[in-house]
Amino acid sequence: MLGRLARWLRIMGFNVEYAASSLSDTEIIGKCKREGLFLLTRDKELHGRYSLSLLIKSQDHKEQISQFLSTFSVDEKLLFTRCTECNHLLEKKETADLEGYIPEGVRERFSTVLYCMNCGKYYWEGDHFNKIVEFLRGMGIEA
């Protein structure tokens, strides 16, 4: 329900878990309580059952991000520190050591990339990165 928002929050450096659709509301609340998690939801009933939650009102991801940012602030030092896929912290890797793992053009253009030790995904500052930075700036975040 909020997968796109979760990805954007990870880009902003927030530690975000996305609940599997197989979990019941009771299981989600139990996990949040056990792990001290704040819950973002579009489900009014779920929001009403857990006090540490924010009811996300819009289906539009830009409006969702704006609503989130009206409650929480971004630590700009944490931008681009988490994997958008699995939420793990990223590590800097020298591209010279990554022959066969990343495209040759990336190795030629960049001396380092970010790497997720958990899922194996690589990130670098290509055209997509510039679009993300532009979007974040439009949301009032200096990236």
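Bear in mind that the values in this text are calculations on the coordinates, not laboratory data. Just so it is clear, the structure is predicted and the values come from calculations on it, not from any experiment. Using ideal geometry, Cβ is built from the backbone for each residue, glycine included, and neighbour counts are taken over all protein chains shown.
In table form, for the structure just shown:
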item: Mean Cβ count within 10 Å, highest first, over the residues of peptides 126-136, 80-90; result: 80-90, 126-136
item: Normalised contact order of the chain, rounded percent, pairs of Cα under 8 Å and 6 or more residues apart; result: 21 percent
item: Estimated distance in nm for a label pair at Leu78 and Glu35, the labels positioned 7 Å out from Cα along Cα-to-Cβ; result: 1.5 nm
item: Amide H contacts of Leu54 (H built 1.01 Å from N, under 5 Å, at least 5 apart or other chain); result: Leu39, Leu40, Thr41
item: Cα→Cβ-extended label distance, 7 Å offset, between Glu45 and Ser58, nm; result: 2.7 nm
item: Dipole moment magnitude, nearest 20 debye, the chain about Cα centre, only Lys, Arg, Asp, Glu C-beta charged; result: 460 debye
item: Candidate values [x] 17.1, 53; [y] 17.8, 55; [z] 15.2, 54, label of the one derived for Rg and Dmax of the Cα atoms in Å; result: [x]
item: Sum of side-chain charges, Ile65 neighbourhood, beta-carbon under 11 Å (Lys, Arg +1; Asp, Glu -1); result: +1
item: Fraction of antiparallel bridges per DSSP, the chain only, in percent to nearest 5; result: 65 percent
item: Rough spin-label spacing in nm, given labels placed 7 Å along Cα→Cβ, for Ser111 and Leu89; result: 2.4 nm
item: Candidate lysines - alpha carbon under 16 Å from Lys121, same-chain residues fewer than 8 apart omitted; result: Lys92, Lys93
item: Cβ-defined net charge surrounding Met139, 15 Å radius [Lys, Arg +1; Asp, Glu -1]; result: 0
